[in-house]
1. Sort Lys92, Lys37 so that the residue with the fewest other Cβ atoms within 10 Å of its own Cβ comes first and the one with the most comes last.
2. Relative contact order, percent, of the stretch 29-211 when contacts are C-alpha pairs under 8 Å separated by at least 6 residues?
3. Report the residue, chosen from Thr62, Thr40, Thr75, that carries the largest GNM mean-square fluctuation when the chain is represented by alpha-carbon nodes joined by springs under 10 Å.
4. So how far, in whole Å, is the C-alpha centre of the stretch 139-213 from the one of the stretch 1-79?
5. May I ask you to evaluate 6.51 cos²θ - 1.76 cosθ + 1.60, the Karplus curve with θ = phi - 60°, for each residue of the stretch 188-194 and list the ³J(HN,Hα) values in order in whole Hz, giving x for glycine and proline?
6. Dipole of the chain, Cα-centred, from +1 at each Lys and Arg C-beta and -1 at each Asp and Glu C-beta, to the nearest 20 debye?
7. Pick out, from Val173, Gly103, Asn79, the residue whose Cα sits farthest towards the positive end of the charge dipole of the chain, with +1 on the Cβ of Lys and Arg and -1 on the Cβ of Asp and Glu.
8. Cα to Cα, under 19 Å, and not fewer than 8 places away if on the same chain: which aspartates and glutamates meet these conditions relative to Lys26?
Amino acid sequence: MTDVQENNDDAFFRERGFGLRIGFGKRPALIVIDMIKAFTDPSMMLGANLDSQIAAVTPLLTAARGSNAPILFSTVIYNDVDFRDAGIWALKQKGVVTLKGGGDSVHIDPRLDYRPTDSLLVKKYASCFFGTDLVSRLLSREVDTLIITGCTTSGCVRATAVDAVQSGFRPMVVRECVGDRSASAHKQSLFDLDAKYADVVSLDETLNYLRGI
């Protein structure tokens, strides 16, 4: 897509009333989606270079802890023989073999400050909401805003953001804190999310929001 086409798309969507601001709410939670070794190690089948995203998530974790906001990390783990707990999805990508329970690849990247007091969400599919108790965890803390970071933008980040708005939460996707294996998929997903499902926000405005709570 050329810059001219992108500008035309943006103008068209704005003209039709897309891309309105949802805005931050009063009680946020921070979720770090699938920043596990299987995804952050570029040499692995599902991996990509997410060094800059990890560096950007780090101050968000500090700010979230300072504001006493709930912090959740997610991972993907399959335990069944022949990956039966991956369902039909196992037929679509060979990389599921790197997500076997008990392996080191399903652990949170050690560069991130994951603490025992943080919540760990174990999922099987793209969305952090599907087949998990995430809604209950958020409602029990009276959360209205979900600050979304992690990977991949076109996959688990997008699916989680869509399910968040469908579940009544304000999805805030932090631009500098999400990444993808594909630059074009990353860019298009951010455009589409910001147009229809979430607010794509900057790291600076998110930090200011958390520090101001």
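Nothing in this text is a laboratory measurement; each read-out follows from the coordinates by a stated rule. These numbers were taken from a predicted model, which means no experiment stands behind them. Here the Cβ is made from the backbone with ideal geometry for all residues, glycine too, and neighbour counts use every protein chain on show.
1. On the way: Lys92 10, Lys37 18.
With the sparsest Cβ surroundings first, the list reads Lys92, Lys37.
2. Working: 338 pairs, mean separation 46.8, N = 183.
Worked out over the stretch 29-211, it gives 26 percent.
3. Its mean-square fluctuation being the largest, the pick is Thr62.
4. 5
5. Each residue's phi maps through the Karplus curve to give 5, 5, 4, 4, 5, 4, 5 Hz.
6. Values: 24 positive and 26 negative charges, 92 e Å.
For this selection, approximately 440 debye.
7. Checking the options against the dipole of the chain, the answer is Asn79.
8. Glu142, Asp144, Asp199, Asp204, Glu205
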